[in-house]
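Single-structure report; data block below.
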Amino acid sequence: MQAVYKIEMLPERSLASTAIFHETQLKGLAEQIAKPETTELAIVMPLAPSDHDDWRRTLARDLAREHAPKRVNVIAVNDDRIEKELLAYLRDAPGVTGQYLAAHE
């Protein structure tokens, strides 16, 4: 089952965003992925400037490695329709894990 962990808001500055994310979100992520029914986790974040890309890629990659064979991916999107399409794509792509997908307009 694909679980979706949605983060509504993060600081604009990359360093602050990384710190707040790790401080406030990792426990909830760990709880979600530890559930036996969770076979894959999609972490949804708001779009951010490109200086956020590195920490988000690292997050996706490291969580996927740590929790394999469960799949973990991170998407960044500000449009509900595109979010649904990306989640459907990931649900139907069993070989995709550890990826950061940013849906820039």
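The values are calculated or read from the model by the stated rules, or taken from the named source; none is laboratory data. The structure presented is a predicted model; accordingly, all values stated were derived computationally and were not measured. Here Cβ is always computed from backbone atoms with ideal geometry, including for glycine, and neighbour counts include all displayed protein chains. When the accessible area is computed, the model is the full protein with side chains, heavy atoms only, and any ligands, DNA or RNA have been set aside. Shrake-Rupley method; radii C 1.70, N 1.55, O 1.52, S 1.80 Å.
If you find the alpha carbon centre of segment 74-102 and of segment 1-72, how far apart are they in angstrom?
Each part reduced to its Cα centre gives a spacing of 13 Å.
Taking the mean number of other Cβ atoms within 10 Å as a proxy for protection, how do you rank 39-48, 3-12 from highest to lowest?
In descending order of packing, they fall as 39-48, 3-12.
Listed highest first by mean packing, meaning other Cβ atoms within 10 Å per residue, what order do 74-80, 22-28 come in? Don't skip to the end; give the middle numbers.
Numbers: 74-80: 17.7, 22-28: 11.6.
Top to bottom by mean Cβ count within 10 Å: 74-80, 22-28.
When only Cα pairs under 8 Å and 6 or more residues apart are kept, what is the percent relative contact order across the chain?
It comes to 28 percent, rounded to a whole number.
Ignoring ligands, DNA and RNA, what accessible area per residue does the chain give at 1.4 Å, in Å²?
In whole numbers, the chain has 59 Å² accessible per residue.
If you take log10 I(q)/I(0) by the Debye sum over Cα atoms at q = 0.12, 0.15, 0.17, 0.21 Å⁻¹ from the coordinates, which of [x] -0.35, -0.56, -0.73, -1.14; [y] -0.51, -0.73, -0.88, -1.16; [z] -0.63, -0.78, -0.87, -1.06 do you get?
Comparing each candidate, only [x] matches the computed number.
Amide H of residue 43 versus every other amide H placed in the peptide plane: which residues, excluding those fewer than 5 positions away on the same chain, fall under 5 Å?
Hits under the 5 Å cutoff: 5, 73, 74, 75.
Place a point 7 Å from the Cα of residue 9 along the Cα-to-Cβ direction; which residues of segment 17-44 have their backbone N under 15 Å from it?
17, 20-21
Using a 1.4 Å probe on the protein heavy atoms, what percent of the accessible area of the chain belongs to carbon and sulfur?
Using a 1.4 Å probe with all protein chains present, the chain comes out at 53 percent carbon and sulfur.
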